[in-house]
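The values are calculated or read from the model by the stated rules, or taken from the named source; none is laboratory data. Owing to the predicted nature of the structure, the values given are computational and were not obtained by experimental measurement. Counting neighbours? That spans all protein chains shown, and the Cβs are built from the backbone with ideal geometry, glycine included. These accessible areas exclude ligands, DNA and RNA; they are computed on the full protein's heavy atoms, side chains included. Shrake-Rupley method; radii C 1.70, N 1.55, O 1.52, S 1.80 Å.
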Amino acid sequence: MKPGTEPTLLVPRDAKGEVLTCSEGLSFWGGVDPDTGVIIDAHHPDHGASLAGRIVLMPTSRGSCSGSGVLLQLARSGWAPAALVSREQEDILTLGAIISARLFDRPVGVLRLPAEDYDALSRAGEAEIRGHTLHFAGRRIELSRPQGGELHLSPRDRELLEGREGPARQLAMEVLSLMAAAQGAKGLIDVSRAHIDGCILAHDANLDFAEKMDELGAKTVIPTTINAISVDRENWQSQGVPDGFGGKASRLADAYVNMGARPTFTCAPYLLDDVPEEDEAIGWSESNAVIYANSVLGARTQKHPDYLDLFVAITGRAPNTGVYLAENRKPVCEIRATIPDGFDDALWPMLGWLAGARSPSGIPVLTGLEHLSPTTDDLKALCAAFGTTSAAPMVHVRGHTPEGDLPLSAGSEMFEITPNDLKQLWHEFNAGDDGIDLVAIGSPHASLGETRRFAELLAGRHCHSGLKTIVTVGRNTLVGMRAEGIFDSLQAAGVQVFPDLCWCSITEPVFPEDASVIMTNSGKYAHYGKGLTGRNMRFGSLEGCAQAAVTGRAKPGLPAWLAAG
């Protein structure tokens with residue numbers, strides 16, 4: 001039976017609470033305050049609502065793979081929902097609830113309901129879960145448990161389950177098997193490499209999990225890269241970072257390195273020298289990286305939640321479901337875009353954001369762009385922004401991605417993106433004042449080409465004395481920047497370049513404490529920035545960001561290409 005066709009109790013917990021129904025999916029990372037349980041995503045219709053102690057309904061989660069860690073933090077601090085209910089397959093929060101229950105004895109109930117039952121529950125004021133039964137508004141719904149007995153495991157999988165390779169891999173295989181059963185997978189698949197996302201010190205839960213797994217003896221068995229972290233690992237002590245925070249952030253990074261991850265410290269592992277090949281089965285986390293790998297490289301990976309990424313890395317196995325399977329990579333809808341003439345690179349993150357909003361849970365194919373020539377940086381920006389508004393692990397772009405010509409699924413829908421949609425989003429992304437205090441480049445980490453272009457745009461000019469301009473990059477990009485003289489050119493223009501950390505993890509005082517308006521070329525950061533920092537956002541092209549860096553001001557109104565469109 002397919003997931004979602006019967007009422008299912010994915011993570012048991014007796015719970016009772018007020019029902020809160022979210023009309024859209026929510027990324028817990030960047031969308032929920034991990035210390036209070038309040039929705040902080042400024043673009044979400046339920047912004048400001050508290051999740052704590054409530055029966056929270058949402059179609060599915062979306063956005064960052066790090067939502068599992070946020071849920072764990074909320075559960076450990078007593079601010080978690082009493083239970084989470086979805087009507088579609090949901091992996092990220094489910095995994096967080098499993099880890100919270102199994103490793104920290106802080107269970108959060110997780111249910112998946114068919115649409116009819118979900119809609120009925122959404123109209124209730126209160127609900128209760130007792131054992132395997134859901135009660136609300138005089139109704140009683142029996143909840144089944146995932147059927148793990150139907151899962152085919154290899155002889156080695158069974159050895160891991162029996163603990164023959166130690167407690168860390170035993171735990172990993174137990175959780176992988178639970179997730180596979182919840183996803184309706186028939187078995188597990190070998191993956192060739194992993195990328196670990198849960199290494200940002202957004203809260204103490206990430207550190208406690210990593211050190212607990214390290215103490216259990218966890219070691220990777222496949223090549224494993226590691227995401228951006230919360231500090232410049234080698235230089236934070238000279239940057240004013242408090243010892244308490246810098247020490248914890250370093251311990252978190254070091255725990256994963258000790259378990260076998262390469263200290264790549266980048267949220268853009270597709271910019272490294274050794275990138276996955278088309279059809280290669282990999283086990284990546286980090287939403288933008290997953291979407292880029294599937295969409296642009298043609299590799300195959302689910303959007304693995306934080307913590308499950310480590311379990312994949314230490315076993316070399318992943319549930320054989322979702323976009324690992326060819327039949328699940330077909331687009332479920334077509335999104336036809338009408339593009340104004342004379343556009344600049346700001347177009348691509350806007351298209352990604354709007355495409356995700358049009359297709360919040362299914363894989364779309366973008367059309368109407370066949371005559372254009374997007375660069376890999378354009379596609380990188382599109383994929384990152386798409387991941388903020390959609391739960392889907394990939395997006396096809398007809399004429400530009402390896403599987404862009406796949407036929408549409410039966411019964412697929414058609415949506416449009418018009419110049420008016422782009423104008424509306426431009427205004428939404430530009431709620432801040434024209435005066436800029438911080439120019440933020442590198443969400444995801446800037447590529448060598450982006451840094452080269454930014455240096456060219458600033459050539460012979462210097463950043464305004466009243467603001468800071470910061471570029472975040474991976475270590476390998478920094479090496480290339482130094483070799484080409486880009487690093488020196490940017491420094492001469494007054495730009496600060498930081499490796500290892502990124503805009504998803506940067507904190508004061510590296511993040512300027514007195515900044516109130518941020519200018520970025522990233523659709524991802526334009527979406528999450530307000531919630532993460534409390535600052536107002538401005539958005540524009542890379543050239544627009546360079547101009548703002550020099551003048552201290554963002555150009556008012558629509559750009560010429562949108563105004564004329």
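Some values worked out for this structure:
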{"item": "Residue in segment 531-538 that is open to solvent by less than 20 Å² (accessible area, probe 1.4 Å), closer than 25 Å to ASP273 by Cα and not in a loop (DSSP other than H, G, I, E, B) present", "result": "no"}
{"item": "Which numbered condition GLU280 misses (of (1) crowded, with 20+ Cβ neighbours inside 10 Å; (2) in contact (Cβ under 8 Å) with a residue 60 or more places away in the chain)", "result": "(1)"}
{"item": "Residue count for segment 302-331, restricted to those that are closer than 18 Å to LEU382 by Cβ and either part of a loop (DSSP other than H, G, I, E, B) or out of contact with any strand residue (DSSP E or B) (no Cβ under 9 Å at 6 or more places or on another chain) (or both)", "result": "2"}
{"item": "Residues being in a loop (DSSP other than H, G, I, E, B), surrounded by 15 or more Cβ atoms within 10 Å (Cβ to Cβ) and aliphatic (A, V, I, L, M) - total across segment 366-424", "result": "8"}
{"item": "In segment 87-104, the residues that are open to solvent by less than 10 Å² (accessible area, probe 1.4 Å) and of a type in the set (Gly, Ala, Ser)", "result": "GLY96, ALA97, SER100"}
{"item": "Residue in segment 425-461 that is farthest from the chain's Cα centre (by Cα), counting only those that are of a type in the set (Asp, Glu) and not in a loop (DSSP other than H, G, I, E, B)", "result": "GLU456"}
{"item": "Pick from segment 131-153, criterion without any contact (Cβ under 8 Å) to a residue 60 or more places away in the chain and surrounded by 15 or more Cβ atoms within 10 Å (Cβ to Cβ), ranking: nearest to VAL85 (Cα to Cα)", "result": "HIS135"}
{"item": "Matching option when the condition is more than 30 Å from SER27 (Cβ to Cβ), part of a loop (DSSP other than H, G, I, E, B) and open to solvent by 10 Å² or more (accessible area, probe 1.4 Å), among PRO556, PRO509", "result": "PRO556"}
{"item": "Single residue of LEU171, LEU216, LEU178, LEU252 found to be closer than 24 Å to GLN73 by Cα and modelled with pLDDT under 95", "result": "LEU178"}
{"item": "Identity of the residue in segment 34-48, on the phi < 0 side of the Ramachandran plot, free of Cβ contacts under 8 Å to residues at least 40 places away in the same chain and in contact with a strand residue (DSSP E or B) (Cβ under 8 Å, 6 or more places away or on another chain), that ends up surrounded by the most Cβ atoms within 10 Å (Cβ to Cβ)", "result": "ILE39"}
{"item": "Complete set of residues in segment 244-277 that are farther than 28 Å from THR451 by Cα, open to solvent by less than 60 Å² (accessible area, probe 1.4 Å), outside any loop (DSSP other than H, G, I, E, B) and not hydroxyl-bearing (Ser, Thr, Tyr)", "result": "GLY244, PHE245, GLY247, LEU252, ALA255"}
{"item": "Members of segment 513-527 that are over 21 Å from GLU450 (Cα atoms) and open to solvent by less than 10 Å² (accessible area, probe 1.4 Å)", "result": "ALA515, VAL517"}
{"item": "Residue in segment 146-167 that is hydroxyl-bearing (Ser, Thr, Tyr), modelled with pLDDT of 95 or more and farther than 25 Å from ALA313 by Cβ present", "result": "no"}
{"item": "Positions within segment 278-299 being closer than 12 Å to CYS383 by Cβ and either part of a helix (DSSP H, G or I) or touching a Lys or Arg at 6+ places or on another chain (Cβ under 8 Å) (or both), in sequence order", "result": "SER287, ASN288, ALA289, VAL290, ILE291, TYR292, ALA293, ASN294, SER295, VAL296, LEU297"}
{"item": "Qualifying residue in segment 485-501 (condition: in a loop (DSSP other than H, G, I, E, B), buried (at least 20 other Cβ atoms within 10 Å of the Cβ) and at pLDDT 95 or above)", "result": "yes"}
{"item": "Meets criteria (at pLDDT below 95, of a type outside the set (Asp, Glu), more than 19 Å from LEU113 (Cβ to Cβ) and not in a strand (DSSP E or B)) for GLY4", "result": "no"}
{"item": "Qualifying residues in segment 338-363 (those that are among the hydrophobic types (A, V, I, L, M, F, W, C) and closer than 25 Å to GLU278 by Cβ) - the one surrounded by the most Cβ atoms within 10 Å (Cβ to Cβ)", "result": "LEU351"}
{"item": "Top-ranked residue of segment 471-484 - restricted to ones that are closer than 20 Å to TRP503 by Cβ and part of a helix (DSSP H, G or I), ranked as most open to solvent (accessible area, probe 1.4 Å)", "result": "ARG475"}
